[in-house]
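The values are calculated or read from the model by the stated rules, or taken from the named source; none is laboratory data. Bear in mind that the values here come from a model prediction, so they are computed numbers and not experimental data. Cβ: placed from backbone, ideal geometry, glycine included. Neighbour counts: every protein chain shown. Side chains included, ligands, DNA and RNA excluded: accessible areas come from the protein's heavy atoms. Shrake-Rupley method; radii C 1.70, N 1.55, O 1.52, S 1.80 Å.
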Amino acid sequence: MTCDAPAPAAAPETTQWRSYGPKRRSTRALRVRTSAALVAATVLAVLLVPPLVQLDQQAVDLAAKLRPPSFQHPFGTDDVGRDLLLRCVYGLRVSLLVGVAAALTATVVGTAVGAAAGALGGWADRALMRVVDTFSSVPHLLLGIFIVAMFRPGVWPVVISVALTHWLSTARIVRAEVLSLRSRPYIDAAVSGGASRWRVAVRHLLPAVLPQAALAAVLMVPHAMWHESALSFLGLGLPTHTASLGTLIQTARGSLLAGQWWPTLFPGLFLIVPTLAIAGLAGAWRERIHPRHRSELML
Amino acid sequence: MLELRSITAGYTRNAPVVRDVSLTVAPGESVGLLGPSGCGKSTLARVAALLHRPDSGTLLLDGEPVRHWRHRAPRDRRTAFGVVFQQARLSADPRLPLTDLIAEPLRATGRGREVPDRIAQLAPVVGLTPDLLTRRPHEVSDGQLQRACLARALVLRPRLLVCDEMTAMLDASTAAALVAAVEDYRAATGAALLAVGHDRTLLERWCDRTVHWESLS
Amino acid sequence: MLSVRGLSVRFLMPGGRRVAAVTGARFDVAAGECLALIGESGCGKSVLASALLGLLPGNAQTAGSALLGDLDLLAADERTLARTVRGRLIGLVPQSPAAHLTPVRTVRSQLEETVAALTATRGRAALRAAAEAAAERAAFPASHLDRHPHELSGGLAQRAATALALVGGAPLLLADEPTTGLDRDLVDRTVDELRRHVDEPGPGNGTGRALLMITHDLAAAERIADRVAVMYAGRIVELADAAAFFGEPGPRHPYSRGLLQALPDRAFTPVPGMPPELGDLPDGCAFAARCDRATDTCAAPPPAGTVACHHPHVPEDARA
């Protein structure tokens with residue numbers, strides 16, 4: 001009888017706890033999830049649609065040119081009757097490829113230059129930073145146009161053009177970070193512990209700046225996509241038969257004046273939406289690597 | 001073993017922080033350098049540990065003048081010194097778990113094989129438990145991190161320890177524990193000590209000899 | 001003035017772990033009194049201060065009450081805290097004044113801004129006068145008012161920060177490790193000035209301010225505190241009169257005794273072992289594992305009261 005009175009397993013919690021979590025956390029999570037979903041959708045679309053969908057993006061149908069969005073062509077058709085949804089996906093694929101390739105190149109160059117300048121110091125630092133200043137003093141687009149003009153139109157000249165105009169900011173960020181780290185006592189401790197210059201750079205400095213550099217790289221992808229679009233829009237980037245978001249908008253210019261909005265709107269959206277999604281994800285990531293109150297969180 | 005002769009040092013060309021300072025540490029001796037904050041004693045400690053090139057003056061290590069500082073100094077000279085700084089938080093690479101933090105000098109000098117043995121010896125000396133060793137700096141308290149920083153300074157068995165305000169940020173008990181660990185090491189190895197600080201009571205209790213910053217130049 | 005009852009703070013960590021940073025803190029600070037909260041780094045002192053100011057991070061939860069007058073600081077919303085508490089009811093004397101001051105503006109402009117934000121003073125001349133008066137209260141020299149924080153010595157920066165804390169006429173001063181990194185002379189001067197603000201007739205009814213000083217510097221606490229609260233592993237283990245604590249008959253909790261014996265002018269011997277993790281506290285006394293008086297009884301939670309210990313030192317021990 002008395003047996004079924006269970007012994008209290010743990011002291012009952014009599015304390016009334018009050019939470020402090022700011023209410024905006026929930027919308028933040030939603031924003032991050034939306035961004036992640038959109039980025040995932042973008043990546044899946046450009047990776048899966050071309051091999052899975054057996055449709056030719058170049059299929060011309062002059063009988064159905066400049067049709068507004070319909071069930072058959074959700075985004076409408078362009079001035080030679082090509083399906084715009086398909087063209088947009090292929091365009092996004094090219095633009096994203098250019099963006100990622102250019103951002104990676106720019107980040108590698110920028111990190112190398114910035115780390116070298118910061119870690120070596122002295123005249124090497126001054127010389128490298130003068131090069132950076134010189135490049136920065138020329139307007140990006142102008143320099144980009146100049147570089148593209150030296151090659152035959154194609155994807156790689158655009159990548160090079162965008163990369164060469166975008167490594168500067170990364171170099172500056174990385175150099176500043178290295179300089180601030182270099183004066184930390186833990187570098188002194190490493191030197192005193194017998195670490196070589198190379199070991200200090202590879203073991204202590206570089207890993208500390210990599211999150212920064214990677215963040216800069218991610219943020220640079222949309223930047224590079226816009227740069228590509230700008231070049232293509234000016235007719236200097238990719239040849240018009242290669243669908244990129246820039247070339248799509250460029251060819252649609254004429255029809256916009258005639259009241260046909262869809263050939264401009266949809267490529268534009270394809271440019272803006274991934275940009276915002278990537279920036280949203282990068283922002284969340286930045287909050288993770290630079291939490292303002294890390295020490296408080298950790299007591 | 002260490003002699004500083006009329007050292008002048010600083011970070012900008014025309015404003016030396018340390019002016020014409022001389023100080024000697026004999027083998028096995030412990031010297032407390034007492035001075036107010038901001039007087040330049042930390043800079044002198046960095047000069048003494050071959051971490052900062054002075055603008056002028058001579059530094060003699062075992063009677064031989066030192067000509068090179070930081071990376072240019074021969075490795076066995078650099079590693080003759082063990083340094084501990086005031087702010088443990090800034091003295092620890094935030095990415096490295098405490099084990100790696102302590103083992104780093106061994107790995108940097110190509111003695112990675114000794115790591116498990118040395119860690120096993122040193123952890124009890126500085127009072128770190130195995131569970132703490134696997135954590136990263138942001139997961140331990142300032143006191144625990146400073147214990148790891150002391151272990152790192154001892155790992156290469158230095159002949160001279162330079163402790164720059166080692167206990168200034170710590171509570172009394174942790175401070176006493178770290179000083180005891182330093183003294184145990186010195187008793188076992190005969191290493192010398194240069195302890196820099198502003199706490200007269202502490203340095204006079206800790207060191208054989210206490211010198212005042214004002215009396216040095 | 002400030003009445004804290006059963007104040008607990010815990011953090012919810014990823015993976016469902018709970019870290020009990022402060023457990024059941026209970027103390028009072030009266031007007032004209034200085035209470036020193038002492039303990040080693042990571043024992044929960046600073047979390048307690050953040051809780052009083054409502055500056056806890058989002059993953060924190062609190063329990064209990066902290067009554068300042070009629071206002072429960074723990075239950076107050078952010079708007080109340082920002083508009084009526086910080087600066088007006090509680091003046092914060094920060095840990096590192098150099099980081100607390102805006103580096104790009106002069107001390108004068110920061111004081112004037114604070115005066116304008118916290119008081120009804122308006123107009124250029126009035127603000128200027130009020131700022132100078134505030135500087136004078138904190139013994140900050142008027143000749144240095146037009147300097148930027150980096151042009152000040154550590155002591156002057158600390159006075160500038162104190163001047164800012166005093167502007168709003170707050171009846172309670174909260175000093176979070178005000179002497180970290182300062183040398184002994186400066187520590188003495190800084191805490192003496194804090195004591196002066198406690199003793200001088202306060203802004204309201206002339207009873208003086210209350211000061212809660214959080215510190216690990218026992219010498220600073222000894223110099224100015226009326227009462228001492230010792231914190232260990234998130235709990236206040238001893239609440240004692242400062243004269244009795246530092247002098248005769250001495251502390252009663254074994255941890256407090258160990259802490260005092262670690263001072264270089266006493267035995268200079270550390271308390272053996274290390275404090276437990278706040279995320280993994282034992283059910284009983286958290287100090288038992290390091291305590292030479294521990295018995296089986298210590299597996300049960302220590303008694304509530306001024307000394308949270310099953311076997312406290314009693315004055316007879318001290319005579320024996």
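Observations
- All positions within region B:13-24 that are surrounded by fewer than 13 Cβ atoms within 10 Å (Cβ to Cβ) and part of a strand (DSSP E or B): B:Ala15
- Single condition C:Ser143 does not satisfy, out of (1) surrounded by fewer than 21 Cβ atoms within 10 Å (Cβ to Cβ); (2) of a type in the set (Ser, Thr, Tyr); (3) assigned to a helix (DSSP H, G or I); (4) in contact (Cβ under 8 Å) with a residue 12 or more places away in the chain: (4)
- B:Lys41, sole failed condition from (1) more than 18 Å from B:Ala191 (Cβ to Cβ); (2) of a type in the set (Lys, Arg); (3) open to solvent by 20 Å² or more (accessible area, probe 1.4 Å): (3)
- Where strands (runs of 3 or more DSSP E) fall entirely within region B:113-217, those with at least 3 residues that are open to solvent by less than 30 Å² (accessible area, probe 1.4 Å) and more than 13 Å from chain C (Cβ to nearest Cβ) are at B:160-164, B:192-197.
- Residue in region A:110-121 that is touching a residue at least 60 places away in the same chain (Cβ under 8 Å), within 30 Å of A:Ala243 (Cβ to Cβ) and part of a helix (DSSP H, G or I) present: yes
- The sole residue among B:Arg95, B:Arg77 that is part of a helix (DSSP H, G or I) and either closer than 26 Å to A:Leu120 by Cα or facing chain A (nearest Cβ under 9 Å) (or both) is B:Arg77.
- Residue, nearest to the other protein chains (Cβ to nearest Cβ), within region B:25-60, restricted to residues that are assigned to a strand (DSSP E or B) and within 16 Å of the chain's Cα centre (by Cα): B:Leu34
- Filtered residues of region C:36-79 (kept if more than 14 Å from chain B (Cβ to nearest Cβ), closer than 23 Å to B:Met169 by Cβ and either among the polar types (S, T, N, Q) or in a strand (DSSP E or B) (or both)): C:Ser50
- Hey, A:Arg67 touching a residue at least 12 places away in the same chain (Cβ under 8 Å) and either farther than 30 Å from A:Ala163 by Cα or open to solvent by 30 Å² or more (accessible area, probe 1.4 Å) (or both) or not: yes
- Candidate set: region C:291-311, residues that are part of a loop (DSSP other than H, G, I, E, B) and in contact with a Pro (Cβ under 8 Å, 6 or more places away or on another chain); chosen: the one nearest to C:Met13 (Cα to Cα): C:Ala308
- Any hit, region C:61-77, residues being open to solvent by less than 50 Å² (accessible area, probe 1.4 Å) and either basic (Lys, Arg) or modelled with pLDDT under 85 (or both): no
- Members of region C:123-132 that are open to solvent by 40 Å² or more (accessible area, probe 1.4 Å) and either modelled with pLDDT under 85 or under 16 Å from C:Ala165 (Cα atoms) (or both): C:Glu132
- Test set (1) open to solvent by less than 70 Å² (accessible area, probe 1.4 Å); (2) part of a loop (DSSP other than H, G, I, E, B) - C:Arg108 fails condition number: (2)
- Tally, over region C:1-40, of residues that are polar (S, T, N, Q), crowded, with 19+ Cβ neighbours inside 10 Å and in contact with a Phe, Trp or Tyr (Cβ under 9 Å, 6 or more places away or on another chain): 1
- Of everything in region C:178-196 that is crowded, with 22+ Cβ neighbours inside 10 Å and of a type outside the set (A, V, I, L, M), the residue that is farthest from C:Ala133 (Cα to Cα) is C:Asp183.
- Restricting C:Gly181, C:Gly169 to residues that are of a type outside the set (S, T, N, Q), assigned to a loop (DSSP other than H, G, I, E, B) and within 29 Å of C:Glu40 (Cα to Cα) narrows the list to C:Gly181.
- The residues listed here are B:Pro27, B:Pro65, B:Pro54; of these, the one that is touching a strand residue (DSSP E or B) at 6+ places or on another chain (Cβ under 7 Å) and buried (at least 19 other Cβ atoms within 10 Å of the Cβ) is B:Pro54.
- Residue count, region A:125-152 (criterion: among the β-branched types (Val, Ile, Thr) and under 18 Å from A:Trp226 (Cα atoms)): 3
- Sole residue being within 14 Å of another protein chain (Cβ to nearest Cβ), open to solvent by less than 10 Å² (accessible area, probe 1.4 Å) and not in a loop (DSSP other than H, G, I, E, B), chosen from C:Ala157, C:Ala175, C:Ala163: C:Ala157
- Any chance B:Gly10 is small (Gly, Ala, Ser) and open to solvent by less than 20 Å² (accessible area, probe 1.4 Å): yes
- Those residues of region C:228-258 which are within 12 Å of chain B (Cβ to nearest Cβ), farther than 15 Å from C:Pro312 by Cα and out of contact with any Gly (no Cβ under 7 Å at 6 or more places or on another chain), in sequence order: C:Ala233
For (1) more than 11 Å from every other protein chain (Cβ to nearest Cβ); (2) part of a loop (DSSP other than H, G, I, E, B); (3) among the charged types (D, E, K, R); (4) in contact with a helix residue (DSSP H, G or I) (Cβ under 7 Å, 6 or more places away or on another chain), each residue gets a yes or a no:
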| residue | (1), (2), (3), (4) |
| --- | --- |
| A:Glu177 | yes, no, yes, yes |
| A:Ala195 | no, yes, no, yes |
| A:His204 | no, no, no, yes |
| A:Val209 | yes, no, no, yes |
| A:Ala217 | yes, no, no, yes |
| A:Ala243 | yes, yes, no, yes |
| A:Gly246 | yes, no, no, yes |
| A:Thr251 | yes, no, no, no |
